[in-house]
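The values are calculated or read from the model by the stated rules, or taken from the named source; none is laboratory data. Please read these numbers as outputs of a predicted model, since none were measured by experiment. As a convention, Cβ positions derive from the backbone with ideal geometry for all residues, glycine included, and neighbour counts pool all protein chains shown. Note: areas computed on protein heavy atoms with side chains; ligands, DNA, RNA excluded. Shrake-Rupley method; radii C 1.70, N 1.55, O 1.52, S 1.80 Å.
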Amino acid sequence: MKKRVLFVCLGNICRSPSAEAVFRNLVKKSGMENEILCDSAGIIGAHSSEPADSRMRVHASKRGYRLDSISRKFEPNIDFDNFDYIIGMDEENIWDLERLARGNDDLNKIHRMTDFSEKHAGQPVPDPYYGGARGFELVLDLLEDACKGFLQHIKNEIS
Ligand code: 4NP
């Protein structure tokens, strides 16, 4: 059975689509595409059906990531059942996910993205939407570190 991972942020146009692209890239490089699948979603549906934020896409593409996911709202009754790991980007995402959880099985699936970080453990992945270029670069720095640690975590679980 594949491990199924859902990355969640507020709007699903900056952080979680980037996490999805960074993580997918690592999974592919490790030859684990048959063992892991990933997707992303947002707590709010304000940007549903939109592509990722154009600024985020520009910064990601400079590092070789293609952000091709389309924004969608997190659906508790479907997503808590369909995924093994639900990964929030900051404390607000975690509170929202915990509020939407239907019980302990759901709560046990919720993790903070930087729980898995090697260099930046415990830091939130801050919302870059209203800031400048540095915010988008910071998101990618944090995600590259956290996704690497997260893949190692899954490898350890599988083996
Ligand atoms: P994200 O960034 O949660 O990283 O996708 C945001 C995008 C849009 C909004 C907030 C955060 N918004 O309020 O529209």
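Summing -39500 (n - 2.57) over the DSSP H runs of n ≥ 4 in the chain and dividing by its residue number, what mean residue ellipticity at 222 nm do you reach, to the nearest 500 deg cm²/dmol?
Roughly -14000 deg cm²/dmol at 222 nm, from the helical runs in the chain.
Please list the helices of the chain that count as membrane-span-like by this rule: a mean Kyte-Doolittle hydropathy of at least -1.0 together with Cα atoms stretching 20 Å or more along the helix axis, each helix being a complete DSSP H run.
Correct list, ordered by number: 15-29, 133-158.
With every protein chain in place, what's the accessible area of residue 28 (1.4 Å probe, Å², nearest 10)?
130
For region 1-39 and region 97-129, what is the separation of their C-alpha centers, rounded to whole Å?
About 14 Å separates the Cα centre of region 1-39 from the one of region 97-129.
If I stretch the segment between residue 46 and residue 137 completely, what's the gain in nm (0.36 nm per residue apart, minus their alpha carbon distance), one decimal?
30.4 nm
Counting pairs of alpha carbon atoms under 8 Å apart in space and at least six apart in sequence, what relative contact order in percent does region 3-158 give?
Once divided by the residue count of region 3-158, the mean separation gives 26 percent.
Rounded to the nearest 0.05, what FRET efficiency is calculated for residue 25 and residue 107 with R0 set to 25 Å and r the Cβ-Cβ distance?
Using R0 = 25 Å, I get an efficiency of 0.30.
How many lysine pairs are close in the chain, with Cα atoms under 20 Å apart and the two 8 or more places apart or on different chains?
22
Sorted from largest to smallest, which semi-axis lengths in Å does the alpha carbon gyration tensor of the chain give for its equivalent ellipsoid, taking the root of 5 times each eigenvalue?
Each semi-axis is √(5λ); the values are 21, 19, 15 Å.
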